[in-house]
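The values are calculated or read from the model by the stated rules, or taken from the named source; none is laboratory data. All values derive from a computational prediction rather than experimental measurement. Because the Cβ atoms are built from the backbone with ideal geometry, glycine has one as well, and the counts that use them run over all protein chains shown. All accessible areas refer to the heavy atoms of the entire protein, side chains included, with ligands and DNA or RNA removed. Shrake-Rupley method; radii C 1.70, N 1.55, O 1.52, S 1.80 Å.
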Amino acid sequence: NMAGRSRKIIDISSGKIGKEKIKARREQEKKLKIDRDNLIAPSWLSKAAKEEFERIVFEAGKVNILDNLDLGILAIYCNSYDSYVNVSKKLQKEGPVCYKETANGEIEIINPLINVQEKYVKQIMQCSTKLGLATTDRLKLVVPIREEPAENKFITLLKTRKQG
């Protein structure tokens, strides 16, 4: 019973599957596909975010994921990724603890950049899941077609005997 397993796109499927099923799945996948000619990094992204954008579009093209409708989510992902990197660099310099001036002098507090960093991580993970950037997420993006279970070989044999 395959009910509990997620399906794979045909291009990354490795199990045994008949030629007819492959053809049917390819047809179904084609219906869901949209062009990817507009996957161009928006001008408002930083240089580093644009580089990440182009890297992802290139890599995603190898397994035929991402299309024009993913543009917005991908741009947000790349912007968050670049911002995360910048905040992380700043945190490395400043450290996880900083000091705040109060009426009674200086007190030690947790660097507020840690909260900012966590927010970027959350946004990166949400966008990553939607875009299928991790293999496990990609497999969940494929819409299953209802497949009729293969007929038992014994039943097939009985049918052919009755006809003959």
Accessible area, 1.4 Å probe, largest first: how do Asp37, Asp70 sort? Asp37, Asp70
So how much accessible area does Ser128 have, in Å² to the nearest 10, using a 1.4 Å probe? 20
Greater than 26 Å apart at Cα, pairs in Lys62/Lys119; Lys23/Lys140; Lys90/Lys119; Lys47/Lys122; Lys23/Lys153; Lys21/Lys62: Lys62/Lys119
Total charge dipole magnitude, the stretch 58-131, about the Cα centre, Cβ charges on Lys, Arg, Asp, Glu only, Debye to nearest 20: 100
Taking the alpha-carbon centroid of each part, what is the distance from the stretch 81-142 to the stretch 35-72 in angstrom? 23
Using heavy-atom solvent-accessible surface (probe 1.4 Å) with all chains present, what is the largest-first order of Phe53, Phe154? Phe154, Phe53
Summing Lys, Arg as +1 and Asp, Glu as -1, what charge do residues with Cβ under 13 Å from the Cβ of Ile110 carry, Ile110 excluded? -2
Sorted list, accessible surface of protein heavy atoms, 1.4 Å probe, largest first, for Thr136, Thr129 is Thr136, Thr129
Could you work out how much longer the chain between Leu69 and Ala48 gets when fully extended? Use 0.36 nm per residue separation minus the Cα distance between them, nm to one decimal. 5.3 nm
Heads up, I need the accessible area for Glu54: 1.4 angstrom probe, whole protein in place, Å², nearest 10. 120
